[in-house]
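Quick note: the coordinates plus some simple rules give every number you see, no bench work behind them. Since we're looking at a predicted model, the values are computed, not measured. Note that we place each Cβ from the backbone using ideal geometry, even for glycine, and neighbour counts take in every protein chain shown.
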Amino acid sequence: MRGHFSLWNRRNGLVQTAQGRLLLLFALEGCCLQFISSVNGLGNTIYATNLGATDTQIGLVQMMSNIMAVALLLPVGMWGNRSKTPGRVPYIMLLFVSAMYLCYGSVPVLAKQNPMPLYFVFLSLTAGIIVTFGAPWQAFFAGCTTQEQRNDVFTYRNKFMFFVGFAAPLVLGALLSAAPDQAHKLLVLRCFYYANAVLAFVQARLIRRLDIDFGALRETQTVRKRESMAKVLFGALQDRRFVSFLVFIVIFYMSWHFDWSIWYIAQTRYCGMNEAHLSYCNAFASLAQLACIGWWGRLNRRRGVFYTFHLGIIGLLAGGAAMFAALFCPPGVSPWVVIVFNTAANGLSACVGLCVLQMLLSQMPTGNESLLISFYTLLTMISNSLMPLVGVKVYEALGADLHAIRLTFGCMLLWRVAVLFWHNCRYRAQQKQTQAGVENR
């Protein structure tokens, strides 16, 4: 990619080309989002734990943030469809999130006696909005880039995001580990949530700049944007290719989301991992993704995103296998088994995010992209809301002990093997259809 553009003008320090500005602005915007997401990913459950959350409340952390997303996705999609510019919706959302993070960081002060209800309110209004933000952002990204640009721009943006994803949890985990007591841990987390508020505002300004400079690239849906939500969705559901993709990708995400809460329980309760271990795990996972993302982008160009997605599923399967193996290891060894093998697995699964968006854009009907992306995200968010709690409930139903957590992860691994086999069958069928089309010509 270096040979295609020059990012900086040596003379005045400004971005020299339109391609360079596009890459740089998306990279900076992605860095802000990744910092916020990394703090959420590592900090939200630790924040809840230090505020006195129970196991069930920990299982609700992911669910409550997604309830807001599920409620907002379709209205936000319609709003995006009718917006004059693709960046208007994500811009306003980020300004709101910036204000809400100030409140989220102040929960220990605002509710000293019983903080969990207020914690869940502001969790929904911060992490929940960030989850919702993904749908209008994808429509915004599609509007600011051409089909030929998307793989390179998305790969370049993800390189920067993975670097931030490596550094942010490492710093946060080190500070949490150094904190002598619960009060200091809460203070560290509050400072990071205030930083999230600042970066959400900065990201909003970057979105605004991208919208001004590149939003005109979108060929807006002038024909379909006045149609009702029901009519648009009904028309899209007549497309067999789109429906087939939706069914598969939802089952894939269900297999992924199943262990999100029990993963944390397994790490802390059965593998003996502390805040430092958790930060190392997140940081090295991001480092592996950073090291591999450029290679996945090149593989996408050579073999296509559907081929590369095989390896992403294998990565998720390997990550679950790492935790399953760690549950049979001695207490002093199991944290490092998780860290080492989960790092390798994340090198493979780095391609999931890179592939899924491009797969979606290639499978959906043209027109009304914002609403259709919101509908797709709604289905995945329902999975994201329910499956972590389902995982916890399965673990509790099996006895809530070491044997139960092992059995739960074993069932999840079988599920992911089935998903891998299913995707391979779909890929082979797609290849045969493509070859038949070429021969008929």
| note | Expressed as a whole-number percentage, the relative contact order of the range 284-441 with C-alpha contacts under 8 angstrom and at least six residues apart is 30 percent
| Structure-derived volume of the Cα convex hull per residue in Å³: which label, when the choices are [x] 182; [y] 207; [z] 152 | [z]
| query | Which helices pass in the chain if a helix is a full DSSP H run, must span at least 20 angstrom along its long axis by Cα, and must have mean Kyte-Doolittle hydropathy not below -0.5? | reply | 18-50, 55-82, 88-104, 116-144, 147-178, 182-214, 240-257, 275-303, 305-326, 334-349, 369-397, 402-440
| query | Ranked from highest to lowest mean number of other Cβ atoms within 10 Å per residue, what is the order of the peptides 92-100, 381-389, 180-188? | reply | 381-389, 92-100, 180-188
| Computed FRET value (nearest 0.05) for residue 414 with residue 187, which takes r as the C-beta separation and R₀ as 25 Å | 0.05
| field | the chain: relative contact order in percent, alpha carbon pairs under 8 Å with at least 6 residues between | value | 24 percent
| note | Expressed in nanometres to one decimal, the distance between label points 7 Å along Cα→Cβ at residue 393 and residue 250 is 1.8 nm
| remark: If every Lys and Arg gets +1 and every Asp and Glu gets -1 at its Cβ, then about the Cα centre the chain yields a dipole, in debye to the nearest 20, of 1340 debye
| task | Within 10 Å, count the other beta carbons around each residue, average over each peptide in 295-301, 191-197, and list them highest first. | result | 191-197, 295-301
| request: Would you mind pulling out the separation of the Cα centroids of the range 291-318 and the range 382-439, in Å? | output: 18 Å
| query | Which lysines, on any chain, are close to residue 84 with Cα under 29 Å apart, when same-chain ones fewer than 8 places away are left out? | reply | 225, 231
| task | Rank 435, 292, 103 by how far each Cα sits towards the positive end of the charge dipole of the chain (+1 on Lys, Arg Cβ; -1 on Asp, Glu Cβ) and give me just the farthest. | result | 435
| note | Computed from the beta carbon distance with a Förster radius of 51 Å, FRET efficiency for residue 241 and residue 177 to the nearest 0.05 stands at 0.55
| remark: In this structure, the FRET efficiency calculated for residue 82 and residue 102 from their beta-carbon separation, with R0 = 30 Å, to the nearest 0.05, is 0.50
| request: Check cross-link reach from residue 185 to the lysines: straight Cα distance under 23 Å, and skip same-chain residues fewer than eight apart. | output: 112
| remark: The farthest towards the positive end of the charge dipole of the range 13-440, of the residues 315, 202, 328, given +1 on Cβ of Lys and Arg and -1 on Cβ of Asp and Glu, is 202
| note | Of the convex hull enclosing the alpha-carbon atoms of the range 227-280, the direction-averaged projected area in nm² is 6.1 nm²
| field | the chain, helix-only ellipticity at 222 nm - DSSP H runs n ≥ 4, -39,500 (n - 2.57), divided by all residues, nearest 500 | value | -28000 deg cm²/dmol
| task | Using only C-alpha positions, report the orientation-averaged shadow area of the convex hull of the range 297-441, nm², one decimal. | result | 11.0 nm²
| Along its principal axes, what span do the Cα atoms of the range 13-55 show, with the longest given first and each in whole Å? | 53, 17, 8
